[in-house]
Amino acid sequence: MNKNYIITGLIIFALAVLSPFWFNIVTTTQAAPEPELVGKAKTEKKCVLDKYEMRANHMSLLDEWRDSVVRDADRMYTAENGHSFNMSLSTGENSCLGCHEDKAKFCDACHTYASVDPYCWECHTNPKEIK
Amino acid sequence: MMKKSRRSFLKVAGIAAVGLGASPASNFASSDISLPVKSKNKKVLTAHRWGMVIDTNKITDEVVESIVEACHKNHNVPDFNHEVDEEKFPKTRPVNHKQEIKWIWEEEFHNAFPDKEDEFLAEKFHDLPFLVTCNHCKNAPCIQACPTQATFKREDGIVLMDFHRCIGCRFCMAACPFGARSFNFRDPRPFIEETIPAFPTRSKGVVEKCNLCAERLAKGEQPHCVEASEGAIIVGDLEDPESEIRVLLNEHYTIRRKQSLGTEPSVYYVM
Amino acid sequence: MLEIAIKGSKNYWLWIVFLLAVIGAGTIAYIDQFMNGLMTTGMSRDVSWGFYIANFTFLVGVAAGGVMVVIPYYLHDYEKFHRITILGEFLAVGSLVMCILFIVVDLGQPTRVLNVLLYPSPKSMLFYDMIVLQGYLILNIVIGWKILEAERNQVEPPLWTKPLIYLSIPFAIGIHTVTAYLYCGLPGRGYWLTAILAPRFLASAFAAGPAFLIILCYIVKKFTKFDPGWEAMQTLSKIVCYAVIANLFFFACEIFVVFYSGIPGHTAHLQYLLFGYHGYHALVPWMWTALILMSTGAVFLIIPQLRNNKTLLPVTCAMIFFGAWIDKGLGMISGGFVPSPLHHVTEYAPTGPEIMITLAVYATGFLVLTILYKLATQVKEEVLG
């Protein structure tokens, strides 16, 4: 086969494989969203973990928490900064949603952008979404 | 020449990969001194082995109804008799009542205690409602059966379900000698009249059953059935000789369901 | 070696396309089940296992039945089975693929299936089932492939296949014993709580497996140039004969123990199956059909003139296979769950989608079987001239 055909084919293939990126560059102008702190999260400034650790590790933290609550019956989490939290996603004032009150602006902002669909909400309910 | 440099390239690449892999681990090892602590709520109710006593003399049809409602409502147990909200849940398929979910319900004597069939059973027991639920057995066959330990025994004796881990194989349902377990054949949400946010709903494909209100005990509160029972049901520590439950067991003759199977149920019935 | 499978006659390809069509239809039904949950099946709170697990249980037996050709040839040098051991091993592979698929389609949360390996539970029989099923599958694939390859290249198979073959024998007994142990260790299910369940499973397996193998031999003889050998089929039919008699005898023992002792917790289930219970009798005609099929099959196999009748033999084997399927498939599951531990009766019948998915799993197994048998028979044709 002609060398030109091969190189042309390869270039077309490379372009095709990268097509999702071209599509996003053309249609979306926004950068990655910043999760917004509202309500108690903004005022109290009592954090479970620091921002960068949370961003990287909140998945495994929640995994640890759910094993701790369900299997070990431990529901209170005393963070390194001395503050205690209820190891719950949505129940009570001291839970995740208790401080980060707006799920859409906080959780969903990044998740929707990153195309992440955690199945937590198949079972856990957001008190604000219940009519 | 080509072979030698490719081999040495791979060697260097391999070492680099190991090195890169080791760096997060070394970060972790050198992290903070004070680690977070997980503990229980101060008001928690603990026990070495939780048990329940149901005084059948105090059980009436009204009490049964309020108990079942309190339990099912507060745990978001779907009610298949509930009419689905068409707007919120369009195109919900028709219900199969044989796939119902129940955590606590009433049975007649000969269904609750099939090993105590009696032709000459005392009249009063024929129509008396008997509440049946998970017995949180000491030697629970469901725990033995579960291949993922999604059904497990907590240190305080409660047989609990980890809904995150359940693969929905339903082996525990086959194993339970008391028919205490239900399976989510479909998404339960359309059939929950009023979602209580304090407790999660379940998704389709997992098994569920009475959890002895572990979430209430953790906050120092009594299980819902106890509160709604007007004194007919109490829970307590079977291994504490001075607990209320042990006093009751000492004063009355009690029976348990299918005792001869040796699963050691923790639910006692005062007759 | 796989390139053999893509060269075939028109009939071969028609069969493959038919199987793929069935698989396609079943996949659509499964997608609906996956999205909406097991509500599309006929299972209920009382009968929490149904057609999928029934077929799984039966097919584990068929897979174990393959050992009935391995033992005589490899342990006792029974030369007549030389040409068909590969057919037995590949039958085991096809059956095991179906077994594993049946488990997966039965799960409520199939995406979490790896939890069984991530959180090993040595007290759970399902854990051991997963291990021995995968183990036996891998053993048979490796052994069958290597031996076929060696035969094609006209050399002796590598030495390390020998210990694997010897290992596959206890594994074969193991897979069906563990599957029986799923049932017979549960204290609350009177129909299953019997020591004879594992022997009964094995007897029924050694009847159904070789019976199906005989039918497959007929098909192979008709559609390929490879002749498995009438003598081999005759020996197999004798194995089926004794196995089905054993199965019927064990069943008779069950009936005696249950009805003579009269313990209601045990009699209720057999009563439901054979005579109906409190007016519920959906399975009665099925159970009697199974007993008649298996007994008649046994008679046809005992009488030498009937056993050696080349036209009658496949019919007899089909009767026994189908009878064993009813007994182990439908009877076992429904019998165990009806009546429920609270003595309520909820009857069970599979729904349309459930049957469609079951057929698709069977089609997948048959596809695997067809391809493997194509390889085996083609290689044998090449080698034997």
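So how many residues does segment C:313-351 have that are away from chain B (no Cβ under 14 Å) and hydrophobic (A, V, I, L, M, F, W, C)?
12
Restrict the check to segment C:190-200 and report whether at least one residue is of a type in the set (Ser, Thr, Tyr) and either at pLDDT 95 or above or within 30 Å of residue C:373 (Cβ to Cβ) (or both).
no
Could you please find all residues in segment C:20-39 being of a type in the set (Val, Ile, Thr) and either under 23 Å from the mean Cα position of the chain (by Cα) or at the interface with another protein chain (Cβ under 10 Å from one of its Cβ atoms) (or both)?
Correct list: C:22, C:23, C:27.
As an exercise: evaluate residue B:70 against (1) within 14 Å of chain C (Cβ to nearest Cβ); (2) among the hydrophobic types (A, V, I, L, M, F, W, C); (3) not in a strand (DSSP E or B) and give the number of the one condition it does not meet.
(1)
Would you check if residue C:335 is in a helix (DSSP H, G or I), in contact with a Leu (Cβ under 7 Å, 6 or more places away or on another chain) and within 26 Å of residue C:176 (Cα to Cα)?
When the stated conditions are applied, residue C:335 passes them.
Which one is farthest from the chain's Cα centre (by Cα) among residues in segment B:222-251 that are surrounded by fewer than 16 Cβ atoms within 10 Å (Cβ to Cβ) and without any contact (Cβ under 8 Å) to a residue 60 or more places away in the chain?
B:251
Quick check on this structure: which one of A:91, A:8 is free of Cβ contacts under 8 Å to residues at least 60 places away in the same chain and in contact with a Pro (Cβ under 7 Å, 6 or more places away or on another chain)?
On inspection, the qualifying residue turns out to be A:91.
Among the residues of segment A:17-36, which ones are of a type in the set (A, V, I, L, M) and not in a loop (DSSP other than H, G, I, E, B)?
A:17, A:25, A:26
crowded, with 16+ Cβ neighbours inside 10 Å and either within 12 Å of chain B (Cβ to nearest Cβ) or not acidic (Asp, Glu) (or both), is that true of residue A:115?
So residue A:115 does not fit the description; no.
Any idea how many residues of segment C:127-160 are of a type in the set (Ser, Thr, Tyr) and within 15 Å of residue C:90 (Cβ to Cβ)?
Residues flagged as of a type in the set (Ser, Thr, Tyr) and within 15 Å of residue C:90 (Cβ to Cβ) within segment C:127-160 amount to 1.
Across segment B:152-200, what is the total count of residues that are β-branched (Val, Ile, Thr), under 20 Å from residue C:44 (Cα atoms) and either surrounded by fewer than 24 Cβ atoms within 10 Å (Cβ to Cβ) or more than 7 Å from every other protein chain (Cβ to nearest Cβ) (or both)?
Adding up the residues that qualify gives 1.
So which residues in segment B:99-127 are more than 26 Å from the chain's Cα centre (by Cα) and of a type in the set (A, V, I, L, M, F, W, C), if there are any at all?
B:120, B:121, B:122, B:125
On the basis of being touching a strand residue (DSSP E or B) at 6+ places or on another chain (Cβ under 6 Å) and in a loop (DSSP other than H, G, I, E, B), does residue B:164 make the cut?
For residue B:164, the condition - touching a strand residue (DSSP E or B) at 6+ places or on another chain (Cβ under 6 Å) and in a loop (DSSP other than H, G, I, E, B) - is not met.
Would you point out which residue out of C:175, C:147, C:143 is touching a residue at least 12 places away in the same chain (Cβ under 8 Å), more than 10 Å from chain B (Cβ to nearest Cβ), surrounded by 19 or more Cβ atoms within 10 Å (Cβ to Cβ) and over 23 Å from the mean Cα position of the chain (by Cα)?
C:147
If you scan segment C:1-19, which residues turn out to be surrounded by 15 or more Cβ atoms within 10 Å (Cβ to Cβ) and under 23 Å from the mean Cα position of the chain (by Cα)?
Listed by number, the residues that qualify are C:15, C:16, C:19.
Among helices (runs of 4 or more DSSP H) lying entirely in segment C:40-130, which contain 2 or more residues that are at the interface with chain B (Cβ under 10 Å from one of its Cβ atoms) and of a type outside the set (Lys, Arg)?
Output list reads C:85-106, C:115-118.
Do the conditions hold for residue A:61, that is, is it of a type outside the set (Phe, Trp, Tyr), over 22 Å from residue B:192 (Cβ atoms) and outside the structural domain of residue A:20 (by TED's automatic domain parsing)?
Spelling it out, residue A:61 is indeed of a type outside the set (Phe, Trp, Tyr), over 22 Å from residue B:192 (Cβ atoms) and outside the structural domain of residue A:20 (by TED's automatic domain parsing).
Of the conditions (1) over 30 Å from residue C:301 (Cβ atoms); (2) outside any helix (DSSP H, G or I), residue C:228 satisfies every one except a single condition; which number is it?
(1) is the only condition that residue C:228 fails.
Determine whether residue C:219 is under 17 Å from the mean Cα position of the chain (by Cα), among the β-branched types (Val, Ile, Thr) and in a helix (DSSP H, G or I).
Against the criterion (under 17 Å from the mean Cα position of the chain (by Cα), among the β-branched types (Val, Ile, Thr) and in a helix (DSSP H, G or I)), residue C:219 does not qualify.
Take the conditions more than 30 Å from residue C:170 (Cβ to Cβ), among the β-branched types (Val, Ile, Thr) and surrounded by fewer than 15 Cβ atoms within 10 Å (Cβ to Cβ) and apply them to residue C:31. Does it pass?
Yes, satisfied.
Condition first: at the interface with chain B (Cβ under 9 Å from one of its Cβ atoms), of a type in the set (D, E, K, R) and in contact with a strand residue (DSSP E or B) (Cβ under 9 Å, 6 or more places away or on another chain). Can you find one or more residues in segment A:53-70 that meet it?
Yes, segment A:53-70 contains at least one residue that is at the interface with chain B (Cβ under 9 Å from one of its Cβ atoms), of a type in the set (D, E, K, R) and in contact with a strand residue (DSSP E or B) (Cβ under 9 Å, 6 or more places away or on another chain).
Could you tell me which residue of segment C:178-197 is nearest to residue C:96 (Cα to Cα), considering only residues that are more than 14 Å from chain B (Cβ to nearest Cβ) and touching a residue at least 24 places away in the same chain (Cβ under 8 Å)?
Step by step, filter segment C:178-197, then rank; the result is C:196.
The values are calculated or read from the model by the stated rules, or taken from the named source; none is laboratory data. This is a predicted model, so every value here is computed, not measured. Note that we place each Cβ from the backbone using ideal geometry, even for glycine, and neighbour counts take in every protein chain shown.
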